[in-house]
Amino acid sequence: MLGAIIGDIIGSVHEGVGTKTKDFPLFMERSIFTDDSVLTVAVADWILTGEDLTDLLHAYYHNFQYRGYGGMFSEWACERERKPYNSFGNGSAMRVSPVGFAFDSIDEVLLWAEKSSAVTHNHPEGIRGAQAIASATYYARKDRDKDWIKARLETQFGYDLNMTLDSIRPSYSFDGTCQGSVPQALTAFFESTSYEDAIRNAVSLGGDADTLACMAGGIAEAYYEGVPNELAEKARRLLDPKLIDVIHRFRNRFGLTSENTTVFD
């Protein structure tokens, strides 16, 4: 999930700006972790502890306020609602990467991805988006090649993944739905040559940049077996110690340490 969090931080300054180039500084003075990182860590905490996910999402929202949460989620969490609100927003897909790293069968990944989504985003598109990102992360972790993953996701989830970044980029704008951002994030990963390139691809589409980079970043971390240590170090400096603690415990629990990324080990 570290790749998702770094993607979120890098994309944070590009959200809603309409960046249409891959040539930009990865970290800037205004770079911050947003709701994408907070809720990704909340899902990791849920997997680690078995606590009630609704309670955890409420708690993380109240502990890390003003991080760019969506309106429906903010109202739900602020009032500590218990029922989901039938959303198909990409909030379900942005927070799901820990599921793809934690489980060792696709059936478990699909089940836990649905659970992670359904407490808020119980609309079929919200669940489909979460399952697609989690499955892509799982398949990448299991050393499947990109052509295999692409074909599998198209069959499994019915997304059209045949468009290229060059064809998407000119007319693409901010889209916070799963159906309008998950395929684009997947394409950013498929066309990448490295973890960093996947993040640059995602941001360059000019849409919901932090969430696109978060979704693509988690998959890219799995595929490229870690993230560059220098990026992890810069991200660590921007994260709250409470978030760092959960990331550290999650990586140790699920054997995600690597030679490429030692900052959180």
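What follows draws every value from the coordinates through simple rules; no lab data is involved. None of the values given here were measured: they were computed from a predicted structure. Cβ: placed from backbone, ideal geometry, glycine included. Neighbour counts: every protein chain shown.
Please report the net charge: other residues with Cβ closer than 14 Å to the Cβ of Gly158, K and R +1, D and E -1. Walk me through the numbers before you get to the answer.
Working: positive: Arg128, Lys150, Arg152; negative: Glu125, Glu154, Asp160.
With Lys, Arg at +1 and Asp, Glu at -1, the net is 0.
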**Separation of the Asn86 and Trp148 label points, Cα + 7 Å toward Cβ, nm** = 4.0
**Message:** For a quick size check, give me the Cα extents of the chain along its three principal axes, largest first, whole Å.
**Reply:** 42, 37, 37
**Message:** For a quick check: with amide H placed at 1.01 Å from N, whose amide H comes under 5 Å from Thr177's, ignoring anything fewer than 5 positions away on the same chain?
**Reply:** Asn90
**Complete:** Rg (one decimal) and Dmax (whole number) from the Cα set of the range 87-237, in Å, equal 14.0, 41
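Could I get the Rg over Rh figure for the range 19-59? Both from C-alpha atoms, Rh via Kirkwood, rounded to two places. All intermediate terms of the calculation are to be shown ahead of the outcome.
Values: Rg = 15.2 Å, Rh = 12.4 Å.
Looking at the range 19-59, the ratio lands at 1.22.
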**Candidates Asp175, Asp145, Asp36: whichever shows maximal mean-square fluctuation once the chain is modelled as a Gaussian network with Cα springs under 10 Å** = Asp145
**Asked** What percent of all Cα-Cα pairs in the range 154-246 falls in each 10 Å bin, counting up from 0?
**Response** 16, 46, 28, 10, 0
**Request:** Can you pull the one-decimal nm distance between simple spin-label points at Thr49 and Asp240, each 7 Å off the Cα toward Cβ?
**Result:** 1.3
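How big is the charge dipole of the range 76-135 about its Cα centre, in debye rounded to the nearest 20, if each Lys and Arg gets +1 on its Cβ and each Asp and Glu gets -1 on its Cβ?
240
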**Listed residues Gly70, Gly217, Gly11, most fluctuating in the chain (Gaussian network, C-alpha, under 10 Å)** = Gly70
**Item:** Cβ-defined net charge surrounding Thr49, 14 Å radius [Lys, Arg +1; Asp, Glu -1]
**Value:** -2
**Request:** Grab every C-alpha pair in the range 1-131, bin the distances at 10 angstrom width from 0 up to the longest one, and report whole percents.
**Result:** 13, 43, 33, 11, 0
